[in-house]
1. For the stretch 579-624, which whole-number percentage of the solvent-accessible area (1.4 Å probe, protein heavy atoms only) is attributable to carbon and sulfur atoms?
2. Give, in nm to one decimal, the length gained when the segment between THR90 and HIS435 is fully stretched (0.36 nm per residue of separation minus the Cα-Cα distance).
3. Can you compute the modelled spin-label distance between SER453 and GLU773, with each label point 7 Å from Cα toward Cβ, in nm?
4. What FRET efficiency comes out for GLU613 versus SER205 if R0 is 35 angstrom and r is the Cβ-Cβ distance? Round to the nearest 0.05.
5. Quote the FRET efficiency, to the nearest 0.05, computed for GLU258 versus SER742 with a Förster distance R0 of 25 Å and r equal to the Cβ-Cβ distance.
6. Starting from the residue with the highest accessible area, list THR157, THR90, THR513 in decreasing order, probe 1.4 Å.
7. Could you order peptides 380-391, 628-639 by the average number of other Cβ atoms within 10 Å of their residues, highest first?
8. I'd like the carbon and sulfur percentage of the solvent accessible area for the stretch 249-314, probe radius 1.4 Å, heavy atoms only, ligands and nucleic acids excluded.
Amino acid sequence: MTMHRRRVSFTSPTADSTSRVPTSTSFSDLKTIAHSLSSTSISSSVSFHSVRSHSSSSSADEVGDSDDEGLQESVNRPRLLIIANRLPVTLSRSADSGTWTAKASSGGLVSGVSGINSQSAKSDQGSVKYDMVWIGWPGLAVEDDADKRAIDTLLSTPAASSSSSSSSSGINTMAAVYLDEDTSAKYYAGYSNSVLWPLLHYDASSALQLSSTHPEWWTAYVKANEAFAEAVMREYRDGDIVWVHDYHLLLLPSMLREKFRQDARMKREMMIGFFLHTAWPSSEIFRMLPHRRELLNGVVAADLVSFHTYDYARHFVSAAQRIIGVPLVHQDSQEVHSRDQSLVPCGSGMVLLEPHRTSPTTIGIHPIGIDTWKWVSEVKTEPVQQRIAQLASFLGLRSSGGGRNRMMILGVDRLDPIKGIPHRLAAFESLLTKHKHMRDSVILVQIAVPSRSDVEEYQILERKVAETVGRINGHFGSLGSALPQLANQPATTTASGYPGPVLYLHQSVDPVTLQALYALADVCLITSLRDGQNLVALEYIACQPQPAATPTTKPLTKSACLAAPDCQPETAPLKQPVPGVLVISEFAGSALSLAGAIRINPWDMQSVVGALECALSMSDSDRWARQSTLFEYISRHTAARWGQAFVADLFRAYERSRLASQICNPPPLLSMQQLFQSISVSSQKFSTSEADQPPSAANHSTSTDTSTDTSTGTRTTVFVLDYEGSLVYASKSAVPALQPPSSALLGLLGQLTALSNTVVAVITARDKRTALEWFCGIDNLVIAAENGIFATKIKQNAEKGRANVIHDWQLIGAKPKGEVEQAPLMIPSVRVIEEGLVETKNRCNLDDNVLDVLNFFGERTPGCVMDVREYSAGFYFRASDPEFGEHQARELRFHLTTQVGAGAPIQVLSTHKGLEIMPANCGKLQFVEWLMHNAVPFSQHTDFVVSNDYVLPVSPGKASHFFGNQLGSSSGVGGESPVLVVYAGDGEADEPVFRFLNNLNERFHSSHWTIRIGQEESAAKFSIERVSDMILLLERIVARAPPPSPSHSKTKTQPVVVSS
């Protein structure tokens, strides 16, 4: 799967930002920022949406009943694609007529989506409205093509949405994703619910066991996500907003990015948001999942990745950092500036720099809410009030005088291991054991909605809960607690077990009964062991008596107050009923937002018992104070505001991505066709016309019109390739010396070196011996060891079935000009130090103090690897903890550059999760200069020397010893050099070479190519996104070239013996 380049930053909305865009950065500001950029098509998409959100308020009110203008408004609306596992409807087929019908479903996501186009959205976001398209699985396998067409017709028409009551949710049309029965079962019930769901909730053992025993589940998961991606691309129009939901579709953002890049019709970058409705576990849990990398790479391709809580976001960032190697950058209170200094807030927290893209991925915190006013109004309706009276009498909660006779604790959950129902029952049993008088005065009503009854783990849980309920009722039940039921109970009852202190219902309950139970409960007890959000807590607060006013605001709207007869004037005395108390597990996501609740650790039974004692004995004034705080929160953070806040932050994240791309300004992607036009691989004639030059050279004009000059000569192509990062991924191995080239790569390099008029040089950080072991099978290959300090050329003579490698290592720029070479220091060199293991190879010429500091940090950085060579050293922390490794590398670099560097001139260069230390006058730049001096015999070679300290260690006469007649002897005509250098690198050490070659292009109108691997800001003229793209480029160069001349030796990729 393709890895996309993302930079990840945190944003967490405040109380105001969840409902509206802050004044300092409104949608009109985004419009200004968009216009301040370079008038790109990407920015225009943001500007379009910004204008709609800012200005459509007045226009919408003015059009009124105008059908024509209303139609135009609908045409101009931005479209919001909601992609979720299930459609918000239940499809059914009539057995008689065969027609398909759709019945609306309910849920938190439907409520959140409906609020985006609600009245509150008008006042807060300028009356922006979206045409919403919901894309999802219909929940059943549809094989017949005629049925698929009928369903598509039903879902695609607004009339179908209206008939299915989805029009009230703001959904205009829907589109079905069809999965065959086998795929849907393995994708949904298999990988999604049996692997991802338990793992995300810290039940790793069962998830990992099932993942290893059912590899076909992962295949189905990938196939299903591909099906969703295909469905989205069929519906997607240029400029649409894509909102992906939940753990079923973790791969989808990356798949959409890849398909978008392949679609030439699209002009504006796709805007993708992702929201996870569950918890996200610690990186130590998630890293155990076999397909962890694919899932993380899939998610980080979105512009905005959001969670319920900061904890989940922090765990996600940690997992991305540790598993896919995303480096961490702190961004506390920083801002991104556009070119006219307009601001787009970056939020606070951290930024992740994921390879191969420059635009940032924002990490958001958006806790979902409920439709608060719907619950507040419905609990006041006559059916619910009647049910409240019936249940109060049935449970014996009210005395004949209207007073409280019995207190009620309520638990409402799905029967799921993560809900902690056994922990709740154990705590209640302990409470009754401790307080015998509560046996008749307190009742626990536990609603356990059946869930996944076909799974053995859930069946075991069901039996355990039923047995515990029976034991509690059998031990603590009494005639006193049964009398209220015996007097009022009908002939049959749905309650299981003896009517004692626990009333246990293993069934679903209707909404009216559920609202009545919420209203009656004195305590709502939530003991989740791990829960993404838990909306039961919010529903309970909404059904309790509301305060007249909150301490800071009056959140009740006029319509809500009319539907709430128990709302009191602020000066009126409090009266019965008083609100209940919420006792919630600290492991439920909503606990972090509900400041008025009592938080508990469900694993600490005594603390749960203590919380119940506190809640049951709490004074009325304390109850009102807590309810006031809780109700203020749920009245502000509704499901509608959640949807509005997410979409608003998605716009900001998208704009931030565009600004970051402008600021970072990476080199443009390489045009292979342009490069092919410049490369001469077989002594072909070349011209100095503009068509033959890269854009960087063609843009420079001289007094002579070179565009019409057709002077010719023989051109030699010199490929200089950085091994680590350009030919292999630098992060593949924790020990760089254990990352040899593959046989396929060796074969490719052999074919490249065999081309006529071509020189291939490979630069590696490894020592001379390792470099020879790796590349000695490639005839005529130039090897630069220790990042260019040593150079040699492979020349083989087949003899008795063996290959003797003739090499002559040349020391390049290893000592300052005019300085006498010092004797090697008597310090044992360490080729690899890993966890304290030392292998002595050569003696190192680095200063003693440098080695002392290096060893000091190596001993104190677990998992690090040090590679100390003859003239250089490397410090790598790829196997270390990422945060600690980054810290140690920063400290090491500081000590080497500030305290040691003054006495021993050295340079410390950053590499992938590591540092390279070498003398200040050595490196890749000196190697390239040396290569051009000694490999290309043309008259003006001295003009190419830009370093005054450069020392020519090899006399010009030795060029033939190294390269023979391979380069030819023809000089360029008209000032054009007969050599074309193609240099590819990926790190800090390559930047001086990029600038050097670019300088040659500017001064002499040469055609040298500088290529940066990865889209980072660089002096290179062009970029290639991935190492695999660089390999593909070399393969195409070899494929386009004519066969080599017979004088070239055949490529030897078989193992060879290195002669001493």
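1. Working: 850 of 1640 Å².
For the stretch 579-624, the apolar C and S fraction of the accessible surface comes to 52 percent.
2. Contour length minus the Cα-Cα distance gives 119.4 nm.
3. 6.4 nm
4. Here the calculated transfer efficiency is 0.50.
5. Computed FRET efficiency for GLU258 and SER742: 0.50.
6. Result of the area sort, largest leading: THR90, THR157, THR513.
7. Ranking the peptides 380-391, 628-639 by packing returns 628-639, 380-391.
8. Values: 900 of 2040 Å².
Carbon and sulfur: 44 percent of the exposed surface of the stretch 249-314.
The values are calculated or read from the model by the stated rules, or taken from the named source; none is laboratory data. In this text the structure is predicted, and so the values were computed from the model without any measurement. For neighbour counting, all protein chains shown are included, and Cβ atoms are generated from backbone atoms with ideal geometry for every residue, glycine included. In case anyone asks, the SASA skips ligands and DNA or RNA and just uses the protein heavy atoms, side chains included. Shrake-Rupley method; radii C 1.70, N 1.55, O 1.52, S 1.80 Å.
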